[in-house]
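The block underneath contains the structure these notes are about, expressed in structure tokens.
The values are calculated or read from the model by the stated rules, or taken from the named source; none is laboratory data. Predicted model only: the values in this text are computed from it and were never measured. Here the Cβ positions follow ideal geometry from the backbone for every residue, glycine too, while neighbour counts run over all protein chains shown. Just the protein is used for accessible areas: all its heavy atoms, side chains included, with ligands, DNA and RNA removed. Shrake-Rupley method; radii C 1.70, N 1.55, O 1.52, S 1.80 Å.
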Amino acid sequence: MKQTLLTLTAASLLSLSAFAQQDGFLPSQLANQKKFESDYLKAVDYDRFKIHLAELTKNPHIAGTPENELVKDYLVKIMGEAGMAVKVWPYDVYLPNHPGKSELQIISPVQLTLSQKEGALPEDPFSDDPRLHLGFNAFSGSGDVTAEVVYVNYGTREDFQKLEEMGVPLEGKVAIARYGGNFRGYKAKYAEQYGMIGLVVYTDPKDGGFTRGEVYPKGPFFNETTIQRGSMLTLDYTGDPLTPNVPALPLVGPEKVKRLDPKDVAFHTIPVTPIGYGAAKEILSRMTGSEVPEAWQGGLPFNYRITGGPELKVRVMVDQKPDFIRANNVVGTFQGSEFPNEWIILGSHYDAWSFGATDPNSGTAMLLTFAEALGELYKNGQKPARSILIGHWDAEEQGVIGSTEWVEHLKKELGAKAISYMNFDAGVSGRNFGASAAPTLKKLIIDASKEVMYPDSTKTVFEIWAGKNPEPGIGNLGGGSDHIAFYMHVGIPSLSGGSGGPTAYHSNYDNFHYYSKFSDPSFKMGGVVAQLFGLVAIRQANAAVIPYDVPRYAKDLKGHFEQAVKNVKTIDANFAEFDQVNTALAKLEASSTAYQSALNGALVSGKVSAKKLQKVNTGLISLEKSWIDPKGMYYGEWYKSLYVCNDPFSGYASWILPGIQYEVAIRNTSRLEEWDTRYAKAILNLSKKIEKLSKLL
């Protein structure tokens, strides 16, 4: 059914005078834009989300399998039927898509083989599918080791430093770590750095099991057999491990690309395997060493201990062989009627560790719902002025590979044409709305959230999201998904948004049954997210001036540098300020204010020429590139953005002003002057670009 009641939103009820406040639009555009948005909201068919999700998640579909090819074919079919021009972009990438052989055993004081797979449940018809794999961590090292055990808490850098301070012997031992605190690959990286020879990872009930509530299948939380899979890749670049900075083009084809020898890539060498907390209990309950610090105590019903003692020996065996597989990105385009070479890109990956109901295919199903709704308008002659692209990326789970290869492939074209990238990995995983975004896109999301009703309520998404606050909080993008190359390598303003909640993350239980019971039994949030971010895309596509919130740069940067100074003072109490940056920020604030004033005047008058508008938009696309520094970061030159990066010590967290953050993390003061200069240069470059835009208006 079309949700006609839900689409009687604030946007469709606004008077034309109120709508005139819409960012980036000329008065002459407003009536058509108001109708376009209203028609789009009505075109979103909430029921289609459920149909798509059921079809996408019929089979387990890890990258490089025939089942994943079926998903690819479905994407091509639906987007083509919606009226999009669809292209498949093939890449041959190097990864493991199968656990190979693995075993986990207690050798003494008892002999016990531990479970490495979820239990089949009579309530869940998907859980006994014979194609489901054992739990495995992609890019584990291969090996067969037997040793004493050390509990390393979350296995963060700080946890290992704490163990070192405590004098705990680590060399030659097997680590057992709970998920959380950092990207799982860093648990292996630090274990290896400290001389450990194997790693076992599990989700502790304190972090996601019975201490949180009822476990699956009665409730949404991890049961004792639930296993989080995931990649262990921790290189100093993102994407295919053999082709940094260049696309992993097909091995057989007209264009060749030089690949690294796998022997020369810094893959992990120690065997790693993930398990459920039921299996972990068998190890942890037999440990006899000293009790852990209070903060390290998990949720199992006994005192956790740091060392297992000489009697407890654990065997970890993994034989995992990466190989080349074909990854296929599917990209569809609604060509813009006026500015086809200006692109708004939405995307999500489609490969999954198992069925992928929440991660990622709730986002995939939402994007197909969006494509069909916009396609309905497109076929009736209501075409966006700029092109809207939808990318479905492959091989994300092993290391954000498919999207990165596409960005490396089209780096120059994307730098010139892309207005934004909007990511929806697991984009409809529950009922709690949230978002993270580049500064220029935050207002767009907030404004759109005021136009869409939250399901089963009389309130807008904005009202539910903001609660008692005047404005909802919008986070900063970190690592872990397909925005990385767009935002941190090329400098395209990016966002990630949608709705979240409890999930069966990366487990064999992340299936349609789980989703329909616990993620969103109403199946209404898919339509809501499609409506809201459809508005965000349509407004960028149709506005006379790209509706970036340019003054937000200065506002956000001021707060970020205030925090950066505080952080630096923790390693140098005598540090005062980033003087060059302060001068540059003052100029940026002045130029941004002047631009906004000039823009408002130009839009209200409606007298700015089409030629000048085109120059303004070309200039706006270049703003985020002010942060792209060819030298990149000291921890990895592939990461080019001076503004944002994922934390190179934890993987997931967002590092704003990463150049300075890195110096603080390694307690180095020798390059602070360099960073003052590099950041000031970038800010002044940004400010000069904005000044030029004001003159055009």
Check: the range 435-565 dipole with +1 on Lys, Arg Cβ and -1 on Asp, Glu Cβ, in debye: 200
Please list, by residue number, every one of the trypsin sites (Lys or Arg not before Pro) in the range 117-225 that is coil in DSSP and has at most 13 other beta-carbon atoms within 10 Å. Arg131, Lys218
Under 10 Å, Cβ to Cβ, from Thr503 - net charge with Lys/Arg +1 and Asp/Glu -1: -2
To the nearest 0.05, what FRET efficiency results for Lys321 and Lys412 with a Förster distance of 22 Å applied to their C-beta separation? 0.05
Rounded to the nearest 500, what is the 222 nm mean residue ellipticity of the chain from helices alone, with -39500 (n - 2.57) per DSSP H run of 4+ residues and division by all residues? -10500 deg cm²/dmol
Beyond 28 Å between alpha-carbons counts as too far, so tell me which of Lys87/Lys379; Lys35/Lys692; Lys256/Lys321; Lys77/Lys256 fall in that bin. Lys35/Lys692; Lys77/Lys256
Among Gly527, Pro169, Thr57, which residue has its Cα positioned farthest towards the positive end of the charge dipole of the chain, with +1 placed on the Cβ of Lys and Arg, -1 on the Cβ of Asp and Glu, and the dipole taken about the Cα centre? Gly527
Once a ≥ b ≥ c are taken as the square roots of the eigenvalues of the Cα gyration tensor of the range 98-231, is the result rounded (a/c under 1.5), prolate (a/b larger than b/c) or oblate (a/b not larger than b/c)? prolate
In debye, nearest 20, what is the charge dipole magnitude of the range 126-259 about its Cα centre with +1 on Lys and Arg Cβ and -1 on Asp and Glu Cβ, if you could check? 340
Compute the accessible area per residue over the range 564-696, keeping the other protein chains in place, probe 1.4 Å, unit Å². 44
Here the percent of antiparallel bridges among DSSP beta bridges lying wholly in the chain, to the nearest 5, is 55
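Net charge around Thr677, counting only other residues with Cβ within less than 13 Å of its Cβ (Lys, Arg = +1; Asp, Glu = -1)?
Values: positive: Lys631, Arg671, Arg678, Lys681; negative: Asp579, Asp629, Glu673, Glu674, Asp676.
With Lys, Arg at +1 and Asp, Glu at -1, the net is -1.
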Is the C-alpha gyration tensor of the range 319-409 telling us rounded, prolate or oblate? Criteria: a/c under 1.5 is rounded; beyond that, a/b larger than b/c is prolate, otherwise oblate. oblate
Roughly how many Å² is the accessible area per residue of the range 184-309, as a whole number, for a 1.4 Å probe? 40
What is the helix-to-structure angle for 66-81, meaning the angle in degrees between its Cα long axis and the longest Cα principal axis of the chain, kept from 0 to 90 and rounded to the nearest 10? 10
So what is the orientation-averaged projected area of the range 78-133, using the convex hull of its C-alpha atoms, in nm²? 8.2
For the range 253-309, which trypsin sites (Lys or Arg not before Pro) pass both filters: DSSP loop (anything but H, G, I, E, B) and at most 16 other C-beta atoms within 10 Å? Lys256, Lys258
Cβ-placed point charges (K, R +1; D, E -1), dipole of the chain about Cα centre in debye, nearest 20: 2040
Aspartates and glutamates whose Cα lies under 17 Å from that of Lys681, excluding same-chain neighbours fewer than 8 positions away: Glu577, Asp579, Glu589, Glu624, Asp629, Glu673, Glu691
Loop only by DSSP, 11 or fewer other Cβ within 10 Å of the Cβ. Give me the trypsin sites (Lys or Arg not before Pro) in the range 632-685 that pass, ordered by residue number. Arg667
Evaluate the Debye formula for the chain with equal point scatterers sitting on the alpha carbons, no solvent, and hand back log10 of I(q)/I(0) at q = 0.05, 0.06, 0.08 Å⁻¹, in q order, two decimals. -0.24, -0.35, -0.62
q = 0.09, 0.11, 0.15, 0.20 Å⁻¹: log10 I(q)/I(0) that the Debye formula gives for the range 521-650, counting C-alpha atoms only: -0.44, -0.63, -0.99, -1.25
Could you report the accessible area of Ser516 in Å², rounded to 10, computed with a 1.4 Å probe on the protein chains as they sit in the structure? 40
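Of all the C-alpha pairs in the range 33-171, what % are more than 24 Å from each other?
62
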Hey, with R₀ at 35 Å, roughly what FRET efficiency would Gln563 and Glu691 work out to, going by the Cβ-Cβ distance, to 0.05? 0.80
Using only Cα atoms and rounding to the nearest 10 degrees, what angle (0 to 90) does helix 184-193 make with the longest principal axis of the chain? 50
Please compare each pair in Lys443/Lys517; Lys187/Lys417; Lys263/Lys417; Lys101/Lys263; Lys50/Lys412 to a cut-off of 31 Å on the Cα-Cα distance and tell me which ones are over it. Lys443/Lys517; Lys187/Lys417; Lys263/Lys417; Lys50/Lys412
Which of the lysines could a cross-linker bridge to Lys695, judged by Cα under 19 Å and excluding same-chain residues fewer than eight apart? Lys587, Lys607, Lys611, Lys612, Lys615
Cross-link pairs beyond the 26 Å C-alpha cut-off, checked among Lys218/Lys468; Lys206/Lys450; Lys383/Lys459; Lys411/Lys555; Lys173/Lys281: Lys218/Lys468; Lys206/Lys450; Lys383/Lys459; Lys411/Lys555
Using alpha-carbon positions, what is the distance between the centroids of the range 153-180 and the range 20-78, in Å? 45
Surface accessible to a 1.4 Å probe, Phe267 within the full protein complex, Å²: 50
Projecting each Cα onto the charge dipole of the range 231-288 (Lys/Arg +1, Asp/Glu -1 at the beta carbon, about the Cα centre), which of Val272, Gly239, Pro254 comes out farthest on the positive side? Val272
Write down the accessible area per residue of the range 348-493 in Å², having rolled a 1.4 Å probe over the full set of protein chains. 24
